[in-house]
Amino acid sequence: MASGNFKVKIKLNPINQILKRHGLQQDGEVNLFLRNEVERYSDPYIPFRKSTLKNNKSHPNNHSIKYNSPYARYQYHGKVMVGKAPKKVTNKNLKYSGAPKRGAKWDKRMWNDRGKEICKNIKNFIKKGGT
């Protein structure tokens, strides 16, 4: 067999096209799935007295959850705030009904507890071709 030089030409699709085909673009179905998983798994971590905070939310896009209650920011940071708007932050921690699970920075705490499980769910979602 003779040895020689071979030329190989490889043509790749543009990255945006590849991402879109797999649902991985910013507002694709994988991001929507991730957002929905984060929302579902975060639910038991969100402060809850009358369910207003956890139920008063919107989805500006496939990768965001916005909590719309006027006090959502205060609850998220977990510090007592005083005075008229814009309120001043104190060093005093808020007390949460349902603590220690429910409380401040619910998304970060949930991710520490359940992030690996969510990643596994995403992997399975992609393997199955989405939806």
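The values are calculated or read from the model by the stated rules, or taken from the named source; none is laboratory data. None of the values given here were measured: they were computed from a predicted structure. All Cβ positions, even for glycine, are placed from backbone atoms using ideal geometry, and neighbour counts span all protein chains on display. Ligands, DNA and RNA are stripped out before the accessible areas are found, and what is left, the full protein with its side chains, is counted by its heavy atoms. Shrake-Rupley method; radii C 1.70, N 1.55, O 1.52, S 1.80 Å.
A few notes on this one:
- Residue that is of a type outside the set (A, V, I, L, M, F, W, C), part of a helix (DSSP H, G or I), over 21 Å from Ile118 (Cα atoms) and free of Cβ contacts under 8 Å to residues at least 12 places away in the same chain, where the choices are Gln75, Gln17: Gln17
- Flag for Pro60 being over 13 Å from the mean Cα position of the chain (by Cα) and modelled with pLDDT of 90 or more: no
- Between Pro70, Pro100, the distinction of being assigned to a loop (DSSP other than H, G, I, E, B), farther than 18 Å from Asn56 by Cβ and not hydrophobic (A, V, I, L, M, F, W, C) belongs to Pro100 only.
- Among the residues listed as Asp107, Asp43, the single one being without any contact (Cβ under 8 Å) to a residue 24 or more places away in the chain, among the acidic types (Asp, Glu) and either open to solvent by 40 Å² or more (accessible area, probe 1.4 Å) or in a loop (DSSP other than H, G, I, E, B) (or both): Asp43
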